[in-house]
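Remarks on the structure that follows.
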Amino acid sequence: MYKNLRGRPGAVLAAAAVAQFAFALDMSVVNVALPAIRTALGFAPLDLSWVVHVYALTFGGFLLLGGRACDLYGRRRLFLLGLAVFGLCSLAGGLAQAPWQLITARAGQGLGAAAAAPAALAMLTTTFAEGPQRVRALGVWSAVNAAGGALGVLAGGLLTEYAGWRWVMLINLPIVAAALALALAGVPAEARPARRERLDVLGAALATGGVGLLVLGVVRTDAQGWGSPATLAMLVAAATLLAAFVFAESRTLAPLLRLGLLRSRWVVGANVLVFLAAAGQFAAFYFVSLYMQQVLGMGAAATGAAFLPFSAGLVAGTLVATRVTAARTPRASLVPGALLAAAGLTWFAFISPDGGFLTDVLGPSLMTSIGTGLVLAPVAAAATTGVAAREAGMASGLFNSSRQLGGCIGLAALATIAAQRTSTATDPAALNDGYALGLAVAAALFALAAVVAIGVLPRRRAETPHSRPAAPAENRLEGTPS
């Protein structure tokens, strides 16, 4: 299909990492600015949440399509296009004068990220050979991704307080410009394929519709509840479309997601594990941030600064995981990492309304973040172990979808559990009880992730996915397995 031109590996890694930093930053930087956005643009209370939800909806809904498109039309091409769309929509959001303009810009950001994120991961897996090289590259990518998510809280607080809410959107522009410059300078353009497969339009429609309805149904539970007719109708419709997607993929010759890829214990185990870990991680960010602001009474900037140890722990855990995984297998880091994160979140579950940062936040933050860092790098390596280069985008889209859906569904479910414990009470003691329960459930999710790593992931790296029958030599990627 495409000739495998590796280009400058350092520039490829830098471009992918900088782009992922922007996408991770954008997931969290806007949250702290929501009250200021509501005041400035005149959002109705029930509409304000769409500033966050519409990004999750378009990002999660189009990831599988974006992953397959980069296999068919070129990883570099989709990466540049997605980044350009993301950057232009960030500019439009920063200049928005009305609620509909900001929501439209956020939807465009999600579409751009859905094209560029799987392309970035696919560029890494096709540039760096499987084994220590790829593990080190994915370690850097994962560390930057983790730092972006954690620093987004700090950046959101500082920008909102000292520069204005518009800068939580405009901050993306220099980051996107740097990623585009690196990609144009060091990422090679793939040769045109001798025979281009058609995009699976039916599969794309079913997957996008199913995932989109699933995300929409979940993110709206904050207003409608899990048992409401509207929520149940959307979830049933999502399940129907996704079942139809699986059936359609088993019948087409050029699927959006080749079901044979799911015969790999590496691919299946890594995707289930990242779903659970993302659910626990996103919920931990959410509850700890609310605990510091609504129970301990810390301001937005102080809360953001309090996440710096968390960021440092994530990076430290990722660096350790990279060394361990390069020498052994992803499983060797995933199991202790998930257990350590579970222990840290269990410690977090003992938060007190009379506590403080040093007594209730710092210690469990470091333990949780180091454990999470031990999970982030190897799980990406596990999800791409043995995957042929021609399906790198497909595997990357699946992995990113699992992570995005895990974070979205986990956060919504745990927020509902915490709200039910709190009921209508708003005093610090009641809020503390709800957040503590949510953190305890997040700990259970990481413990379950450790069970998946032990029971599903192979002990040896040699066990790789089932792949298609060998393609003719002229259609193969140079230097890649069939």
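Considering the stretch 98-198 at the alpha-carbon level, its Rg and Dmax are found to be 17.3, 54 Å.
The distance linking the stretch 310-350 with the stretch 77-139 is 26 Å (Cα centroid to Cα centroid, whole angstrom). The angle separating the long axis of helix 63-73 from the principal Cα axis of greatest extent in the chain is about 30 degrees. Working note: Debye formula, equal point scatterers on the alpha-carbon atoms of the stretch 1-82, no solvent; log10 I(q)/I(0) at q = 0.11 Å⁻¹ is -0.46.
Against the chain, whose longest principal axis is taken from its Cα atoms, helix 9-29 shows a tilt of about 30°.
Taken about its Cα centre, the chain carries a charge dipole of about 1800 debye when Lys and Arg each add +1 at the Cβ and Asp and Glu each add -1 at the Cβ. Accessible surface of Asp427, taken over heavy atoms with a 1.4 Å probe and every protein chain present, rounds to 70 Å². For the stretch 287-294, 3J(HN,Hα) computed residue by residue from phi via the Karplus equation (6.51, -1.76, 1.60; θ = phi - 60°) reads 5, 5, 4, 5, 4, 5, 7, 8 Hz, glycine and proline entered as x. What does the C-alpha gyration tensor say about the overall shape of the stretch 142-239? Classify as rounded when a/c is under 1.5, otherwise prolate if a/b is larger than b/c, or oblate. Here the stretch 142-239 falls in the oblate category.
Ordered by solvent-accessible area of protein heavy atoms (1.4 Å probe), largest first, the residues Ile37, Ile175 come out as Ile175, Ile37.
For the stretch 293-396, the set of chymotrypsin sites (Phe, Trp or Tyr not before Pro) satisfying both a DSSP loop assignment and a count of at most 12 other C-beta atoms within 10 Å is given as Phe350. Helix 229-249 axis versus longest C-alpha principal axis of the chain: approximately 10°, rounded to the nearest ten.
Using a Förster radius of 56 Å, what is the FRET efficiency between Thr424 and Arg8 based on their Cβ-Cβ separation? Nearest 0.05, please. If you can, show how the numbers build up before the last one.
Numbers: r = 58 Å, r/R0 = 1.04.
The value I calculate is 0.45.
Treating each Cα of the chain as one equal point scatterer and applying the Debye formula with no solvent, the log10 of I(q)/I(0) at q = 0.06, 0.09, 0.10, 0.13 Å⁻¹ comes out as -0.24, -0.56, -0.70, -1.23.
Given Cα positions, please report Rg to Rh for the stretch 231-358, the hydrodynamic radius being the Kirkwood one. If you can, show how the numbers build up before the last one.
Numbers: Rg = 20.2 Å, Rh = 18.4 Å.
Expressed as Rg/Rh, it is 1.10.
The alpha-carbon positions of the stretch 160-308 define a convex hull whose volume is 213 Å³ per residue.
What number comes out for accessible area per residue over the chain if the probe is 1.4 Å? Units Å², please.
Values: 18000 Å² over 482 residues.
Heavy-atom SASA per residue in the chain reads 37 Å².
Largest accessible area first, the listed residues Arg106, Arg323, Arg421 line up as Arg323, Arg421, Arg106 when surface is computed with a 1.4 Å probe on the assembled protein chains.
The eigenvalues of the Cα gyration tensor, multiplied by 5 and square-rooted, give the stretch 360-427 an equivalent ellipsoid with semi-axes of 34, 19, 6 Å from largest to smallest. For the chain, the carbon plus sulfur part of the accessible surface works out to 68%, probe radius 1.4 Å.
The values are calculated or read from the model by the stated rules, or taken from the named source; none is laboratory data. None of the values given here were measured: they were computed from a predicted structure. Cβ sites come from the backbone with ideal geometry, for glycine too, and all protein chains shown count toward neighbours. Protein only, heavy atoms only, side chains kept; ligands, DNA and RNA dropped before computing areas. Shrake-Rupley method; radii C 1.70, N 1.55, O 1.52, S 1.80 Å.
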